[in-house]
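What follows is a single structure, written as structure tokens, with notes after it.
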Amino acid sequence: MALKITVIGTGYLGATHAAAMAELGFEVIGLDVVPEKVAMLTRGEVPMYEPGLEELLRRHVAGLDGSSDRLRFTQDWAEAADFGDIHFICVNTPQKQGEYGCDMTYVDSAVESLAKHLHRPALVVGKSTVPVGSAARLAARISELAPAGDEVELAWNPEFLREGFAVKDTLHPDRIVIGVHSERAERLLREVYATPIAEGSPFVVTDFPTAELVKTSANSFLATKISFINAMAEVCEAADGDVVKLAEAIGHDERIGSKFLRAGIGFGGGCLPKDIRAFMARAGELGADQALTFLREIDSINMRRRGQMVDMTREAVGGSFLGCRVAVLGATFKPDSDDVRDSPALNVAGQIHLQGGQVTVYDPKGMDNARRLFPTLGYAPTALDAVRGADVVLHLTEWREFRELDPAALAEVATHRLLLDGRNALDPEVWRAAGWTFRAMGRPTA
Ligand code: UDX
């Protein structure tokens, strides 16, 4: 009989994982404590923008026309516990208010709510990003609480999906990592991931702490790569170099590689910033803080970029934002997402607004979320409307739509043809040919 799977938490990670598990042929229940989310998902609607996810969901949600009926959603812990052979914990682990550490409230409460109802054999699988040591603690908690006792086991299976590519990353992962305590747990997870394993996804089996650390160290490495190239951008600014050429040149070295070397206003989002901070905090608790002090520097390089973008803009408009109209293209932390959590673009827009600039933001998908977070900024329905009357245009999230804008059409509506690229994604030649003064971060003379 095919395994029955539940997915606890239906955010970016959980909603995608639930739909992907149904796509792989399993019967799935998704559980969330927020009734509105359960209602939306049950109608086949996704509460956020993620390319391909709604289509995938609609293919499987029970009761929808032509669906496989393999996927449904509930708020009922007992129902989920009775149903599942395997329970994936996919709730979020935000940064604690006012501290670097990771807030485990949602994970703890999900595990406790579920465990109390586990009367049958089951494997609970953590996917959330957690401080190392959490899995061991949660395993102990489960054996205390679960009525089925030893027949309930825990495994850790970190998730590496990127927003904007969540469906692809979940169905065709570049690796599957599991931390397990038994052969049974490994066997069950091999069964869950049989399709991607058969396609060639590497399957790495390890212990709990290593599995937890794989995730935080992978994110730390990625953050380091971005801050490295942004540090080089700072040096290029000082030495009249060109960071884009520099990245291209060092990227040809296979040991370095060209990915994640795009200099600009830096990384944001719900993962990288909080994950490196939580990692530092946890290392401190373990007495290994020295090993990760470099992450403090990675964080400061990254946060500095936002201020540098503001400074570069202020200088370009003559030293003050008072009375200056600023068009901001991009609000989300990256393209192909509607996520504005810790978005460098919105941070820059907000700083300029606070310094007296009249900011108008346009983003292809992030408008509602941006408005909710920064209601005092101006918003325009199109890029052209945002640019109308602007003294300066800032390109802050590298959406394809912005690369496809017609610089000549924008030139006609802008007050001043001044464009600053905070993402190094636009072609300076094309913009200059249409009469724009073009300046990008880390390329003072390019
Ligand atoms: C990240 C990890 O990539 C993923 O493996 C993990 O599971 C969750 O965290 P995500 O938050 O979706 O994924 O974003 P990612 O694509 O990593 O980008 C993070 C930020 O870095 C974005 O703000 C992006 O604009 C920025 N970035 C990325 C750069 O500034 N330069 C680059 O070269 C690459």
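Miscellaneous remarks
- With a simple spin-label model that places each label point 7 Å from the Cα along the Cα-to-Cβ direction, the separation between Ser258 and Ala218 comes to 2.4 nm.
- When only Cα pairs below 8 angstrom with a gap of at least 6 residues are kept, region 343-437 shows a relative contact order of 24 percent.
- Exposure of Arg443 as accessible area (Å², to 10), given a probe of 1.4 Å and all protein chains: 40
- Scalar couplings 3J(HN,Hα) for region 128-138, obtained by applying the Karplus form with A = 6.51, B = -1.76, C = 1.60 to θ = phi - 60°, are 4, 7, 10, x, 4, x, 5, 4, 4, 5, 5 Hz; x denotes Gly and Pro.
- Taking every C-alpha pair closer than 8 Å and separated by at least 6 residues, the mean separation divided by the residue count of the chain gives a relative contact order of 12 percent.
- Placing R0 at 25 angstrom, the Cβ-Cβ distance between Leu322 and Thr437 gives a FRET efficiency of 0.75 after rounding to 0.05.
- Table column - 3J(HN,Hα) (Hz), region 53-63, Karplus curve with 6.51, -1.76, 1.60, x for Gly and Pro: 6, 4, 4, 4, 4, 5, 5, 10, 5, 4, x
- Counting only protein heavy atoms and using a 1.4 Å probe, the accessible area of Ile265 comes to about 0 Å².
- Spherically averaged projected area in nm², based on the convex hull that wraps the Cα atoms of region 364-439: 4.8
- Aspartates and glutamates whose Cα lies under 18 Å from that of Lys245, excluding same-chain neighbours fewer than 8 positions away: Glu234, Glu237, Asp253, Glu254, Asp421, Asp427, Glu429
- A Förster radius of 45 Å, combined with the Cβ-Cβ distance separating Arg187 from Glu297, puts the computed FRET efficiency at roughly 0.55.
- Residues in the chain average 43 Å² of solvent-accessible surface per residue, probe 1.4 Å, ligands and nucleic acids excluded.
- The angle between the Cα long axis of helix 183-192 and the main principal axis of the chain comes to about 60°, on a 0 to 90 degree scale.
- FRET efficiency for Asp150 and Gln75, using Cβ-Cβ distance with R0 set to 25 Å, rounded to 0.05: 0.30
- Cα-based values for region 4-206, radius of gyration first and Dmax second, are 15.9, 48 Å.
- Sequence-ordered 3J(HN,Hα) estimates for region 364-372 from the Karplus curve with 6.51, -1.76 and 1.60 and θ = phi - 60° stand at x, 10, x, 4, 5, 5, 5, 4, 5 Hz, glycine and proline given as x.
- Packing, taken as the mean count of other beta carbons within 10 Å per residue, orders the peptides 336-342, 182-188, 377-383, 78-84 from highest to lowest as 336-342, 78-84, 377-383, 182-188.
- Remark on Val326: its backbone amide H falls under 5 Å from those of Gln358, Val359, Thr360, Asp391, a criterion applied only to residues 5 or more positions apart or on other chains, H modelled at 1.01 Å from N.
- For the residue pairs Lys4/Lys127; Lys259/Lys334; Lys4/Lys215; Lys225/Lys274, the alpha carbons lie more than 24 Å apart in Lys4/Lys215.
- At the listed q of 0.12 Å⁻¹, the Debye profile of region 225-446, built from one uniform point per Cα, gives log10 I(q)/I(0) equal to -0.63.
- Using alpha-carbon coordinates, inclination of helix 12-23 to the longest axis of the chain, degrees: 50
- Which of Tyr12, Tyr106 is most accessible, then next, and so on - probe 1.4 Å: Tyr106, Tyr12
- The simple spin-label model puts a point 7 Å past each Cα toward its Cβ; for Ser67 and Asp406 those points are separated by 4.2 nm.
- Rounded to 5, percent antiparallel among DSSP beta bridges of region 225-446: 5
- Between 0 and 90°, nearest 10: helix 293-316 axis offset from the chain longest Cα axis: 30
- Rounded to the nearest 20 debye, dipole of the chain from Cβ charges on Lys, Arg, Asp, Glu: 720
- Computed log₁₀ I(q)/I(0) - Debye formula, equal Cα scatterers, no solvent, the chain, q 0.12 Å⁻¹: -1.04
- Cut-off 11 Å (backbone N to label point 7 Å along Cα→Cβ of Ala288), residues of region 71-94: none
- Of all DSSP bridge pairs formed entirely within the chain, close to 5 percent run antiparallel.
- Share of carbon and sulfur in the accessible heavy-atom surface of the chain [1.4 Å probe, %]: 52
The values are calculated or read from the model by the stated rules, or taken from the named source; none is laboratory data. Note that the coordinates shown come from a computational prediction; the quantities given were computed from them, not determined experimentally. Cβ coordinates were reconstructed from backbone atoms using ideal geometry, including for glycine residues, and neighbour counts include every protein chain displayed. Please note that ligands, DNA and RNA were not included when accessible areas were found on the heavy atoms of the full protein model with its side chains. Shrake-Rupley method; radii C 1.70, N 1.55, O 1.52, S 1.80 Å.
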